[in-house]
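Structure incoming, see below.
The values are calculated or read from the model by the stated rules, or taken from the named source; none is laboratory data. No experiment lies behind these values; they were computed from the predicted model shown. Counting neighbours? That spans all protein chains shown, and the Cβs are built from the backbone with ideal geometry, glycine included.
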Amino acid sequence: MSEKFSIHNSISNLWDKLDGWFDAIILKLPNFAVAILVMVFFYFLAKGIQRLSRKILFKKIGDESIKQILSKLIYAVVLLVGFFIALGVLQLDKVLTSILAGAGVMGLAIGFALQGTLSNTVSGFMLSFQPKVRIGDFIEAQGKSGYVEEIDLRAVSIRQTDNDYVIIPNKIFVDNPFTNYSWTERARITVGCGVGYESDLQKVETLVTKIISENFEQLESESVEFYFTEFGDSSINFITRFWIKSQQPRPKFEATHKAIKLIKKNFDEAGINIPFPIRTLDFGKNKLQVAPNKDISEDSEQNN
């Protein structure tokens, strides 16, 4: 009898609780309706802000993958705010507090576990908003140079001129200096050469300056520069500097190639000598001039 009595009491208590819950649900139906409306409102609000952010806020970001990640992050944050407000409408304050506390502890644990990854992610966000690094730019970083192919949340991908790829973690890229050759449209080229000691130096300067000015357009604030730099072993050396339109390495090589050919051609026509190194060996009465890569013993036998 006692066992039947206990089961009966348990069933009775269960029905009482269910009845109480049912009454509570009935009383909170308006709150449920308001909470649902809040979630629907924040859903459409999150969608609208996500589209707006892609069109306006992230307009300067070149990488499409970063645009998508940032817009999804904004969407999730707005939706999460709506969820918390809906819990408040339902008067589930204790549940809300527990969720926030659990999220804080979980976030702290994840932060410690993924410290390096998060650091690269934050650096990736910084790079995505930094206009001085763009997709397609030719840069030099960490001793590597090439074209920026991709900037994601982990690393910067650089394609070198030999078509090899270099992956630099975002944190290293942000914390260290780098050179962006594509940031300006004009680049300066320096070409060096040497002339014989018998040359008319003023004639050399005038000729080189004229050659470069006629073949490489200089803007208003630019000019062709010419400087003799040193008395060399066999020549008086000089450099000439001029500007070209270039945001990549190839135009620089082409300009240097063209300038060297022009200087050599015009020097030949003007009778200006570009000497090669010569060594003079003194054996008392006989002096021996030795050109580069020439066997001294053979010259000595001929002189004897």
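Just for segment 156-189: of the residues that are under 26 Å from Val224 (Cβ atoms) and surrounded by fewer than 16 Cβ atoms within 10 Å (Cβ to Cβ), which one is farthest from the chain's Cα centre (by Cα)?
Arg188
Residues are listed down the side, and each one gets a yes or a no for (1) modelled with pLDDT under 65; (2) farther than 30 Å from Thr179 by Cα:
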| residue | (1), (2) |
| --- | --- |
| Trp243 | no, no |
| Pro249 | no, no |
| Phe253 | no, no |
| Ala259 | no, no |
| Asp268 | no, yes |
| Asn273 | no, yes |
| Lys285 | yes, yes |
| Gln289 | yes, yes |
| Asn303 | yes, yes |
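To continue, here is another question. Tally the residues that are more than 15 Å from Gln248 (Cβ to Cβ), assigned to a strand (DSSP E or B) and not polar (S, T, N, Q), restricting the search to segment 147-167.
To start, the set of residues in segment 147-167 that are more than 15 Å from Gln248 (Cβ to Cβ) comprises 150-157, 164-167.
Cutting the leftovers down to assigned to a strand (DSSP E or B) gives us 150-151, 155-157, 165-167.
With not polar (S, T, N, Q) added as a condition, the list becomes 150-151, 155-156, 165-167.
Adding up the residues that qualify gives 7.
Let me ask you something else. In segment 216-272, how many are charged (D, E, K, R) and touching a residue at least 12 places away in the same chain (Cβ under 8 Å)?
7
Let me ask another. Would you confirm, using the coordinates I've provided, whether Arg250 is surrounded by fewer than 12 Cβ atoms within 10 Å (Cβ to Cβ) and within 31 Å of the chain's Cα centre (by Cα)?
Criteria met by Arg250.
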